[in-house]
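Right, one structure below, let's go through it.
The values are calculated or read from the model by the stated rules, or taken from the named source; none is laboratory data. Computed from a prediction, not measured in an experiment: that's the story for all the values here. Positions of Cβ are generated from backbone atoms using ideal geometry, with glycine treated the same way; all protein chains shown enter the neighbour counts.
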Amino acid sequence: MLKTAASFVHGSSKSSTYPGGYASGFDSPAALLDSRFEHPASWLVSVLLFVVILWLPVIAQADDQTKKTLSPPQDVRVFDTPSDGGGSLTVLWAPAPYDSAATRYQVLLSEGATVVDPAAMKVVAEFPANQHYVRESKWPWWTRPTTGDQHQFTLRNGRGVELKDGVVYSVTVAAVLSDDRGIAQPVQAASQPNWMNWNQINNLLLALLFGGIVFYAISTARKREIFLRRIPGLDAVDEAIGRATELGKPILYLTGAHDMSDPSTIAAAVILGRVAKRTAAYETELLVPHRDPITMAVCQEITKQAYLEAGKPDLYKDDSNFFITSDQFSYTAAVDGIMLRKKPAANFFMGAYFAEALLLTETGASTGAIQIAGTDSDHQLPFFVTTCDYTLIGEELYAASAYLSREPVQVGTLRGQDIGKALILVVLGVGTILATLGVMLDAQWPKLFLDVFKDVK
């Protein structure tokens, strides 16, 4: 506490023996403060002691952290990465108390089994110590080498790393914090290619399961008739062909814009065989213009076989399938011209289509023809629905062959696919529920189910 009133006095003069009363000395500010407080030095000691107490935990923590970094990573394991094509090594090590963003791990590599100085090994990777865990990897539970809390890093060729199969390498892990570095004892391993990818054994089992379902459905279809949902667009095929026959006009059939490598074109070619068989039985003219020469050749053989099965091989004409051009709009203009000149009574648009779809169907609608379309091109479906009498949407295009032929193999295959799709929908629903529970409960057991249906590359 102050003994006197406070004043802004920087110093005071003392009495002097010099004449004139000149000051002979000057008191310091500290001396003046001492003179004004009841306990001159105790307040300064208290402040210093308080600061020391505050910094003691920080100093202790820093010292403790330094001591921790001195211990190298434990339980380091290095082995050939399983289920791969070679050129890869997997490194595992145990988590440490000092794992944090401030601490870093280094993966060191050296060719050969003998290492004189681990500190001289090449650093091929460096990352924060709170990253790269087994639980973050894509290994399914049946090939996972250890628990998810272990650290894991995979050495692959690239980015300065070149691993040769069959060559022994020394690999180790170092923990780094500031200038401190703890290096584990190097471990030797060699990479090798593997014959079997056990990570994808679930895909093999699922393929066998779905294949078994399809074969069972085919066997059932051979024993009894299997119900198929009515598709109005396919029911109208006979009506369209009959109308063309009555009017004495041809039938126009298009197979789409893609080549034979596309599933929609294959489906269109198969449906062409069923349509050609009916036209042969009714002795109706069939016109099939093409954009791809290979597709034309395939459709020629399909049409010839259809006429043969109908018992009318003499009615088959090679020029019923003809090539126009591969150019999109030149082909469209040519087909529109055929529609306007020959005025077919029925137009079939099967396969994949693009911007030419509306141009073709609008022209066909103007001639008064019955139009049946089928495509998996979702961006063109609105145009077909608007301008055509019947439209096969999506998978109905692929079901058309089985629907029209009623052959046991095709019908059984279709039923097997439907069962497989239903199973997939069930798996999606159950998987969604389990994944949600896993997040809410922070549990790992739902992954046992989810890994079975995961495609691990």
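Tabulated data for the structure shown
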{"item": "Number of positions in the stretch 165-177 that are surrounded by fewer than 17 Cβ atoms within 10 Å (Cβ to Cβ) and either touching a residue at least 60 places away in the same chain (Cβ under 8 Å) or hydrophobic (A, V, I, L, M, F, W, C) (or both)", "result": "3"}
{"item": "Strands (runs of 3 or more DSSP E) lying entirely in the stretch 110-213 (those with 3 or more residues that are modelled with pLDDT of 95 or more and touching a helix residue (DSSP H, G or I) at 6+ places or on another chain (Cβ under 9 Å))", "result": "none"}
{"item": "Any hit, the stretch 244-256, residues being more than 40 Å from the chain's Cα centre (by Cα), within 20 Å of Glu407 (Cα to Cα) and not in a helix (DSSP H, G or I)", "result": "no"}
{"item": "Pair list, Cβ < 6 Å and 6+ apart or interchain, from the stretch 425-438 residues that are closer than 11 Å to Leu450 by Cβ to residues that are hydrophobic (A, V, I, L, M, F, W, C)", "result": "Val427/Phe453; Gly431/Leu450; Leu434/Phe449"}
{"item": "Some residue of the stretch 359-375 being under 21 Å from Asp418 (Cβ atoms) and surrounded by 18 or more Cβ atoms within 10 Å (Cβ to Cβ)", "result": "yes"}
{"item": "Residue within the stretch 293-313 that is part of a loop (DSSP other than H, G, I, E, B), farther than 20 Å from Tyr398 by Cβ and small (Gly, Ala, Ser) present", "result": "yes"}
